[in-house]
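So the structure is just underneath, and the comments pick up after that.
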2 protein chains.
Amino acid sequence: MEQQGAMGPVAPHAYSQQSASYVIGADIGGTNLRLALADGAGRIVSRWSGSTVGAGDAQAVIRMMREGVDQLLSDTTLPLESVSAIAAGAPGITNAESGVVIATSYLMGWRQVPLRQMLESEFGVPASVDNDVNLAALGEHNAGAAEGVDDFVFLAVGTGIGAGIVINGKLHRGTIWAAGEIGYMLVPGASEAPVEPGQPGGLEGVVGGEGIKALWQSRWSSALSPLSRDANATQIFDRALEGDPLAQQVLQLAGRTLAYAIYNTWLILNSPLFVLGGSLGVHPALVDAVRVVLEERRGRIQTNILPSALGADAQLVGAIFLALRTANRKLAQAVD
Amino acid sequence: MEQQGAMGPVAPHAYSQQSASYVIGADIGGTNLRLALADGAGRIVSRWSGSTVGAGDAQAVIRMMREGVDQLLSDTTLPLESVSAIAAGAPGITNAESGVVIATSYLMGWRQVPLRQMLESEFGVPASVDNDVNLAALGEHNAGAAEGVDDFVFLAVGTGIGAGIVINGKLHRGTIWAAGEIGYMLVPGASEAPVEPGQPGGLEGVVGGEGIKALWQSRWSSALSPLSRDANATQIFDRALEGDPLAQQVLQLAGRTLAYAIYNTWLILNSPLFVLGGSLGVHPALVDAVRVVLEERRGRIQTNILPSALGADAQLVGAIFLALRTANRKLAQAVD
C-alpha cells in the first residue's frame, strides 16, 4: 500500500532495507552543527560537530553536513548505503510537511529554505526536517523526561525561548507552523513594545541569556558582588546557588517571569508536565526558582516541572527518532 | 457493534429511534437557566427560561429543568418519548467523559456534581454535559462564526473570562478538564497576586464586567462624563462609541489587556481565528479596540478576530449539537 512518491524525491541510489540499518540526526544551530550516527534502536554510534559561526548559509551548512557524515562513516567504516534516512532540526519556523524552513532568527537569516529537498539531493536518502525545539520535545518524549507522558510542554531557555507542545502524543505545530513561539509572550515585567520578526521578544528580554546579562550589568557594582560585571547567565545562576545576594535577585526575577509564562501556558493547555531544557532551562537554580513561584499558585496550577533529561542532546536525539520514523516510511501518516 | 452500555445508564423506558426526533439543550448559568427544544436538524422549536438566582443547588436546578421541559413539551404538544437526548452546559470545570461538574464559581458553589447521571435519572434519556464555554465554542463551530474552521479559540467575556479551544476540529479540554481558564492569565497591567479558586482572576480584574466598572468608578467624576458613576460595562462601551473620552480610556485599557491575552494564546496555539463572545465580548467597541492593538503586532500575529455569530445563544446552540450527537450514540467515540 505504501507508495514511494509519498516520501518526496526517491533516493537516486538503490538501498536495501537489510543493509540500511543506520540513520543520521542533525542539530543545526546558530553557532554549532552537531551530527550523530545512530543504529536502528536509536543508540548513538558516533558523533561529529563543527562551528556554523560565519557559515550560516544553507548551502554551506549542507556542505558541512556532507563533511561530517563522511567523517562519521569513515570513523565507523560503514558505507553510505547503510544510512537509511536523515533528519535535521532547524533553529526557526519550519513547515514539517513540506520540509521548508520558513524563517530563522538573524543568526542564520534563512528564509524559505527547502532543507528537506536539499538533504535528499545531497545524501540520496529520505529526509525530514522540523523546528529544533519541536525535535527536542520529541527527544524528551521518546527517551527523556517526558517518556510515557503524552501531554507536556518542552521549554527551551537559552539565548532565545521557545516551546515544543505535545498534545495527545503529537506535536502541536499550529496552522502557520509557529506554535510555541512564547519568547514573545507578554507577562508582567516584560516589555510591551511590539517587536519585529528576528528581534528578541518581551519574555526573552527578561529570561533569555542576553536579558539576564543586561539586568546583571544594570545592577552590578564591584561592592555588591565579587563576580565579574561581564559574567554570563550560567555564571550568575551558579553564583546565586552559592548565596550571592545580587545574583539571587537576578535569578529570582528570571525565575518569576519564566514561571508566569509557564502559568499562562498551563491555563491554556492544562499540560501536566513542563520540561525545562536549553542551556539555562536545565540550570538547577532556575528550575528551583520557577518551582517556588508556581508553588504560590498551587491552588490553581497543577503540573510538574522537570529539567530536561537529555540536556544539550535533546534536539539531536529528537532528530534521530524523526530519522528512524522517516526510515520506516511512516512520515506521511504521522510526521511527529 | 454499538453497545448500550457505552452510553452509561440505559434509559429506563423504551424509546424508539423513529419517534425520538427531538433533543433538549440546556444552558445553566449563575443567574438564568435557559432551555431549548430542537428538531433533528438542530433547529430550535421552542424555548424556556427561568431564574437560578438563589436556587443554585444542583437538585433545585434539575427540578427547574423538569418544569421547563414539561412546559416545552406542553407548548409543542409533544410526548416525552419524542425527546431522544438532553445536553447541558455548566458554568464550571466539567469532566465531559464522566459527566461530573468538578467545580463552579462561588455563584453556584457546585463541587463534584454528577450532572449527567442526574439528568439521565430525571428524564430517562441519554444525557451529556460540558463546560458552558466549550459548548459555546461547539455552537460557533457548528452554526456560527467558526463554521468550517477547525482551529479556533472562542473567548467568552462577561463577568468572567474563559476560552473554548478547538484544535483539529476537537475541543481541547486538558488533562484536568480546566484548559482555557484564561481569566487568570498574567499579562502586563493585570494583578500578579495569587488568587484562590472561585475568586476572579487577574485578567478578569481588568477586562471582566466588574473590573471595568471598578476602573470606571475609580476615574469617574461628574465633570468628566455625563454617564452615571454606577454605569455597567456595556453602558460604558456604548458611551465610548459616542465619543466620551473617559469611557474611551476605560475601553482602550480593557481592549489592550484583552488583546494581550489573545496575543499570548496565539503564540502558544497559532489559532487562525478568535471568536469573541459573552455579553461584553460581542460589543463592537471592544472588538474594534482589540483589533487596533493586534494590528500594532501584525508582523507577528496572524489571526482573525470575529464577534460571535450566535451571541447569547452560543451555549444553548452548542448544547443542542451535543444532544444531537448524544442521540446518535456517538458520544463514546467523539465526545466533542
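Bear in mind these aren't lab numbers, they're just calculated from the coordinates by the rules spelled out. Only a predicted model underlies this, so the values are computations on that prediction, with no experimental measurement involved. So basically every Cβ, Gly included, is an ideal-geometry build from the backbone, and we count neighbours across all protein chains shown.
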For labels at B:Lys170 and B:Thr31 in the simple 7 Å Cα→Cβ model, what's the distance in nm? 3.7 nm
Cα-based Rg and Dmax for chain B, in Å, come out at 20.5, 73
Exam field: B:Ala55 pseudo-label spacings to other copies (7 Å along Cα-Cβ), nanometres: 7.8
If the cut-off is a Cα-Cα distance under 20 Å, which aspartates and glutamates reach B:Lys170, setting aside same-chain residues fewer than 8 apart in sequence? A:Asp150, A:Asp151, A:Asp336, B:Glu97, B:Asp130, B:Asp132, B:Glu140, B:Glu147, B:Asp150, B:Asp151, B:Glu181, B:Asp336
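Counting Lys and Arg as +1 and Asp and Glu as -1, each charge on the Cβ, what is the dipole of chain B about the Cα centre in debye, to the nearest 20?
Details: 21 positive and 31 negative charges, 68 e Å.
So the dipole magnitude of chain B works out to roughly 320 debye.
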When the distances between all Cα atoms of segment A:218-279 are binned every 10 Å from zero, what whole-number percent does each bin get? 20, 42, 23, 13, 2
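State which helices in chain B qualify, where a helix is a whole DSSP H run, it must extend 15 Å or more along its own axis by its Cα atoms, and its mean Kyte-Doolittle hydropathy must be at least 1.0. List each step's numbers first, then the result.
Values: long enough: B:58-76 (27 Å, -0.03); B:132-143 (16 Å, -0.03); B:209-219 (16 Å, -0.71); B:245-269 (35 Å, 0.71); B:284-295 (16 Å, 1.24); B:314-327 (20 Å, 1.50).
Result, helices passing both filters: B:284-295, B:314-327.
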Here P(r) for the protein assembly as shown, Cα-Cα distances in 10 Å bins, as whole percents, is 3, 15, 22, 22, 18, 12, 6, 2, 0
Just grab the label-to-label distance for B:Arg66 and B:Gln217, each label 7 Å out from Cα along the Cβ direction, in nm (one decimal). 4.1 nm
For B:Lys213, counting only aspartates and glutamates whose alpha-carbon sits under 12 Å away and dropping same-chain residues fewer than eight positions off, the answer is B:Glu204, B:Asp230
Directionally averaged projected area (convex hull, Cα atoms, segment A:148-309), nm²: 9.8 nm²
One would report the antiparallel percent of DSSP beta bridges in the protein assembly as shown, rounded to the nearest 5, as 60 percent
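Where does chain A land at 222 nm, in deg cm²/dmol rounded to the nearest 500, when only DSSP H runs of n ≥ 4 count, each adding -39500 (n - 2.57), divided by all residues? Mind dumping the intermediate values first?
On the way: 10 runs with 121 residues, N = 336.
Result for chain A, helices only: -11000 deg cm²/dmol.
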